[in-house]
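Visitor: First the structure, then my questions, so here it is.
Computed from the coordinates by the stated procedures, all read-outs in this text should not be read as laboratory data. Quick caveat: nothing in here was measured; it's all calculated off a predicted structure. Cβ placement follows ideal geometry from the backbone for every residue including glycine, while neighbour counts extend to all protein chains displayed.
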Amino acid sequence: MAIGRGGQNVRLASELTGWELNIMSREAAEEKQSTESGKTLALFIEKLDVDEEVAQILVDEGFSTLEEVAYVPLNEMLEIEAFDEDLVNELRNRARNALLTAAIVGEEQVEASAGDLLSLDGMDEATAYALAARGVATRDDLAELATDEITDIEGMDEERAAKLIMAARAHWFE
């Protein structure tokens, strides 16, 4: 009944809330939750360098990302019975360090990608970094795009986008 005939109630609820609602069986939902919990558990074990018991407590308490562990208010984490203040502070520090390391690695990858793009005629540093941050790492990546896929970058009009894409494609015709 909640779904409605042909899913009409779900579609209406989706339109009203702006959320995409997915209907699944109880078994499928439990399987999905188990898979996601397993991934989160593995993330915490690896990135926080904790044993499975501590990681499982975090998952059971509803933590699903390193950001939550790093930045949830201290008093909320202290409400977890199995955690004392020293452990909470250590977990928060490890989570922040893991996030910082990931950000540095990501920035280095963007810088390396931007280097290839900077060799193109008409490319400036800001545009190269904006493209690299979107996963456009090489001139071939740029060459495969259409102009409308990059015109939302600040300072990029359709004409400039077309010129950059054609510059990226130039080596194809040499």
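Visitor: Return Tyr71, Tyr129 ranked ascending by Cβ neighbour count within 10 Å, so the fewest neighbours appear first.
Guide: Tyr71, Tyr129
Visitor: Calculated from the structure, Kirkwood radius over Cα pairs in Å equals which of [x] 19.3; [y] 20.5; [z] 17.1?
Guide: [y]
Visitor: Take the eigenvalues of the Cα gyration tensor for the stretch 97-164, scale each by 5, and report the square roots as semi-axes in whole Å, largest first.
Guide: Semi-axes from the Cα gyration tensor: 24, 12, 10 Å.
Visitor: What are the extents of the Cα atoms of the stretch 74-117 along their three principal axes, listed from largest to smallest and rounded to whole Å?
Guide: In descending order, the Cα extents are 52, 14, 12 Å.
Visitor: Write down the Å³ per residue value for the convex hull defined by the alpha carbon atoms of the stretch 1-75.
Guide: 137 Å³
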